4 protein chains.
Amino acid sequence: MIKVTVWNENLHEKESQEVRTVYPDGIHGCIAGFLKDDPEIVVRTATLDMPEHGLTKEVIDDTDVLIWWGHMGHHLVSDEIVERVYEAVLKGMGLIVLHSGHKSKILMKLMGTTCDLKWRDGDRERVWTVLPGHPIAKGVPEHFELNVEEMYGEPFLVPNPDEVVFMGWFRGGEVFRSGLCYRRGLGRIFYFQPGHETNPTYHNPWVRLIIRNAVHWAEPVKRISELGCPNPASLEGLE
Amino acid sequence: MIKVTVWNENLHEKESQEVRTVYPDGIHGCIAGFLKDDPEIVVRTATLDMPEHGLTKEVIDDTDVLIWWGHMGHHLVSDEIVERVYEAVLKGMGLIVLHSGHKSKILMKLMGTTCDLKWRDGDRERVWTVLPGHPIAKGVPEHFELNVEEMYGEPFLVPNPDEVVFMGWFRGGEVFRSGLCYRRGLGRIFYFQPGHETNPTYHNPWVRLIIRNAVHWAEPVKRISELGCPNPASLEGLE
Amino acid sequence: MIKVTVWNENLHEKESQEVRTVYPDGIHGCIAGFLKDDPEIVVRTATLDMPEHGLTKEVIDDTDVLIWWGHMGHHLVSDEIVERVYEAVLKGMGLIVLHSGHKSKILMKLMGTTCDLKWRDGDRERVWTVLPGHPIAKGVPEHFELNVEEMYGEPFLVPNPDEVVFMGWFRGGEVFRSGLCYRRGLGRIFYFQPGHETNPTYHNPWVRLIIRNAVHWAEPVKRISELGCPNPASLEGLE
Amino acid sequence: MIKVTVWNENLHEKESQEVRTVYPDGIHGCIAGFLKDDPEIVVRTATLDMPEHGLTKEVIDDTDVLIWWGHMGHHLVSDEIVERVYEAVLKGMGLIVLHSGHKSKILMKLMGTTCDLKWRDGDRERVWTVLPGHPIAKGVPEHFELNVEEMYGEPFLVPNPDEVVFMGWFRGGEVFRSGLCYRRGLGRIFYFQPGHETNPTYHNPWVRLIIRNAVHWAEPVKRISELGCPNPASLEGLE
């Protein structure tokens, strides 16, 4: 069983009837809902307003893959929790960052860049599968459309990805590396661009399949308990 | 001085008045022409119908960067010349492959894949600079348009590029990794997608700048004279 | 079930009593033997002297992961079979190339380089796990020793690997990138350096675990039936 | 002219006669000294005890490539200066981090990992050139020895490097990726492992050549003045 925690700042949902109409259970509730259909996944949710944002040491230690959705509340996430998630990723926990999470403290910290991009609300996107043999692309068609999605455009200020699985075409004339894989320490990270809060993106079957595939891909191979710089100084070396 | 050889199959030019109108001196003549404006570059041309396709051992040994344009005559290029170019790249010579050269014997051999892609003639392309800090992007704007260019679409069956410098957006709805960098042995390879024979692509100032930048980027750091698997068997090792 | 075919040229075994003593069932028999212990793997073997080297179309179509051991008989492998394996990898089949297989026609074709390296027989190697979070490193210790192994030394003339999982230290003073991952088309490729024919390397439990892990890692996500450059020319594009 | 600033915490030099004997002008003085021999380089130095650690906005704006040596004083570097250097790199400034700088705030921030490694003082190292065609390896032999150098061993907790130019062999039995290239934003980063404060490593001619080559490699292609997420919202897009 893969233990997934879906984290959402859950702020737009409180402020906007429009968002609540699309996601009556919140974005986290929607994502948790479709992941539950996978018999190999168990899922919990956590939100910004919970104690320690719902990401206590116990929750993180019990999480194989963390999914992150944030936007207007990035600055409200405490540095202590960011540090906790950061170390958990380096020790092996998987992390899936969605859409506006590109400017989350945790993604910027793990990327080592600002993750800046261009954006424009209310465009149409066609997602192209660039690496059809990748596990996250399993069962995903060569391309699919999102009738309304926020445009995110290049240049995207991230490190050279280990793998570019998806690329996005926007009607307004831009392109974007939409699905990116990274390894940091023992953990795997997947960034996926679609998912603006007012659009029904997380109801799209292909988006759901991609996130589900990403959970399986990001499952830890191994978790370690400590980071550090060991000095086997008392030894003469191995020889 | 960087010694450049521009190779062109020069077949469309012989068959088609349309192509001759766009490139009265051939595609090779056009490219050689604008490269000559760079005082650090000396340039010669070579074509399929010359003895040894104009790529004798002497020419290759005297070439720092080889530019390749081919399409309908890929199968007419002799395997012996392909092997000569292949070894020269591994020993340090730079190689720039343009447009339909994606299916040339030499690129497929160096990539280890078929370099298949989707295509459709007569679209409009917008080229995006994804890595603005890359030497090949020096002076190139964030994006520029080619009013008529052949669509090349993903998935592009090539190895994971060392660097994706440019990406293409097509009016018809596709995306493409349009400017790709590879290192093979001591040589550097740049593949650049624009340049259909009936379109005035090589008259575009940004395309010209990109090819010129690529020549500088692909200049050999070092040339070696031999490949091989040395066996320092008579030694006890270095220790 | 993962269907594995272990291919071996099986020439040293015929010529040398020393090799037969280490591998009485041949290197292929030894590898097939320990893979059979994995309940998720079914395994067959194939050798150079069989019709079509044992790699008929039917066998390749029925193979998920092909393991390759060759050395003195590289030139005896027919180009037709190499082409068959090459296309199968691009269409999704996994490939694991062992030790002296670095100079096999199939690896050189898929890498696009000569795969040259330095070598010296009869050294001691310590294999280091560089990426402990990688699936192929699952359960493998931080380092382990091979008391007698052939030294393979840098520079190793291969493309920049997608992932370097293991590195080798040699008593004689050399280093080597010993475990390398590549993706070519839809297929995954793992190259692993240890395994000289006169050494009991494939009896080492860590080497066995690494090969077993690599089989699971290289299992196809998807197999396609055709390669090619589709031209949806009759369409106006997707827009 | 390439404007280089050599930064050194300059703490060991104050505390230890042993270090002063090896580096009477400080490590920064030694490095600045040999870089001055390059007619294309102008060099200044800066140290921890200077106002703003010598890295004022004016200095950073006037620096093309920053060289960083730190060890016992990593925690004494102010976060404000780290942020200034970080942004300068993303905007195009080159950065060369030496030896124990692997645990500097600036490298950890740009890598997005802890940069942990193994270490043991007082070993012998042989540096191998893995990418002989790389600009940083220009003129560097296939391998060279450092009779006394601190062992740094794998696993090295850094992101997958864009390029591994050098690898280190240690007499005590370890290996290390010793020369690593990264691109972050518009800036280039080179990490180079040799250089313990009590060893005469920066007097070694090959080490000097490598650092000099790295300065040329890291020279900015372009500097931008602003980072950010532009919203061309008033536009209908480019189409």
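Just so you know, all these numbers are worked out from the coordinates, no wet-lab data involved. Please read these numbers as outputs of a predicted model, since none were measured by experiment. Don't worry about glycine lacking a Cβ; one is built from the backbone with ideal geometry, like all the others, and counts go over all protein chains shown.
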Open item on the list: I want to check the label-to-label distance for residue A:227 and residue D:231. Put each point 7 Å from Cα in the C-beta direction and report it in nm to one decimal.
Closed with: 3.3 nm
Open item on the list: About the Cα centre, and with charges only on the beta carbon of Lys, Arg (+1) and Asp, Glu (-1), how big is the dipole of segment B:134-239? Nearest 20 debye, please.
Closed with: 320 debye
Open item on the list: How tilted is helix D:205-218 with respect to the longest principal axis of chain D? Cα atoms for both, answer in degrees (0 to 90, nearest 10).
Closed with: 0 degrees
Open item on the list: Could you tell me the calculated FRET efficiency between residue A:239 and residue A:52, based on Cβ-Cβ distance and R0 = 51 angstrom, to the nearest 0.05?
Closed with: 0.60
Open item on the list: Counting only other chains, and only Cβ atoms inside 10 Å, what mean value do you get across the residues of B:114-124?
Closed with: 5
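What is the mean number of Cβ atoms from other protein chains located within 10 Å of the Cβ atom of each residue in peptide B:178-186, rounded to a whole number?
Taking all residues of B:178-186 together, the mean is 4.
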- [ ] Tell me what chain C gives for mean residue ellipticity at 222 nm when only DSSP H runs of n ≥ 4 count, each as -39,500 (n - 2.57), the sum divided by the residue total, rounded to 500 deg cm²/dmol.
- [x] -6500 deg cm²/dmol
Open item on the list: Let's test the formula: R0 of 60 Å, r as the Cβ-Cβ distance of residue A:42 and residue C:76. What FRET efficiency results, to the nearest 0.05?
Closed with: 0.65
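Using the 10 angstrom Cβ neighbour count as an exposure proxy, how do A:140, D:221, C:65 rank, fewest first?
In order of increasing Cβ crowding within 10 Å: D:221, A:140, C:65.
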Open item on the list: Please give me, ordered by residue number, the GluC sites (Glu not before Pro) of segment D:30-103 that lie in loop per DSSP and have at most 13 other Cβ atoms within 10 Å.
Closed with: D:40
Open item on the list: Measuring from the axis that superposes chain B on chain D, report the chain B residue with the minimal C-beta distance, rounded to whole Å.
Closed with: B:162, 4
Task: Positive-end residue, chain B charge dipole about Cα centroid, Cβ charges, pick of B:53, B:180, B:32 - done: B:180
TODO: Quick one: give the max-minus-min coordinate of the C-alpha atoms of chain D along each principal axis, largest first, in Å.
DONE: 64, 38, 36
- [ ] Using Cα centres only, tell me the gap between segment B:148-223 and segment D:170-239 in whole Å.
- [x] 25 Å
Task: Within a Gaussian network of chain D (alpha carbon springs, distance under 10 Å), most fluctuating of D:95, D:117, D:55 - done: D:117
- [ ] Distances from residue A:237 to the same position in the other copies: list them in nm, one decimal, shortest first, using label points 7 Å from Cα along Cα→Cβ.
- [x] 1.1, 6.1, 6.2
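Take every DSSP beta bridge with both residues inside segment C:1-130 and express the antiparallel ones as a percent of the total, to the nearest 5.
In segment C:1-130, DSSP labels about 0 percent of beta bridges as antiparallel.
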Open item on the list: Looking only at chain C, where both bridge partners belong to it, what percent of the DSSP beta bridges are antiparallel (to the nearest 5)?
Closed with: 55 percent
TODO: Please state the charge dipole magnitude for the protein assembly as shown, taken about the Cα centre, from unit charges on C-beta atoms (+1 on K and R, -1 on D and E), reported in debye and rounded to the nearest 20.
DONE: 0 debye
- [ ] Can you tell me the dipole magnitude for segment D:118-193 around its Cα centre, using point charges on the Cβ only (Lys, Arg +1; Asp, Glu -1), in Debye to the nearest 20?
- [x] 280 debye
Open item on the list: What three numbers, in Å, describe the spread of the alpha carbons of the protein assembly as shown along their principal axes, ordered from the longest?
Closed with: 69, 68, 65
TODO: One decimal, nm, shortest first: give the distances between the label point of residue C:80 and those of the same position in the other copies, each label point 7 Å from Cα along Cα→Cβ.
DONE: 2.6, 7.2, 7.7
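At most 15 other Cβ atoms within 10 Å and a DSSP loop assignment: could you name the trypsin sites (Lys or Arg not before Pro) in segment D:33-70 that fit? Write down the numbers at each step before the final one.
Numbers: sites: D:36, D:44, D:57; in loops: D:36.
Sites meeting the loop and neighbour criteria: D:36.
Kirkwood hydrodynamic radius of segment D:119-234 from all distinct Cα pairs, in Å? Each step should come with its number before you reach the end.
Details: mean 1/r = 0.0643 Å⁻¹.
Mean inverse Cα-Cα distance, inverted, gives 15.5 Å.
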Open item on the list: Please report the spacing between the Cα centers of segment C:69-104 and segment A:55-98 in Å, no decimals.
Closed with: 44 Å
Task: In segment A:4-119, lysine pairs with alpha-carbon atoms under 21 angstrom apart (chain gap of 8 or more, or interchain) - done: 9
- [ ] Distances from residue C:14 to the same position in the other copies: list them in nm, one decimal, shortest first, using label points 7 Å from Cα along Cα→Cβ.
- [x] 4.9, 7.5, 7.7
- [ ] Quick one: work out the % antiparallel among DSSP beta bridges in the protein assembly as shown, nearest 5.
- [x] 55 percent
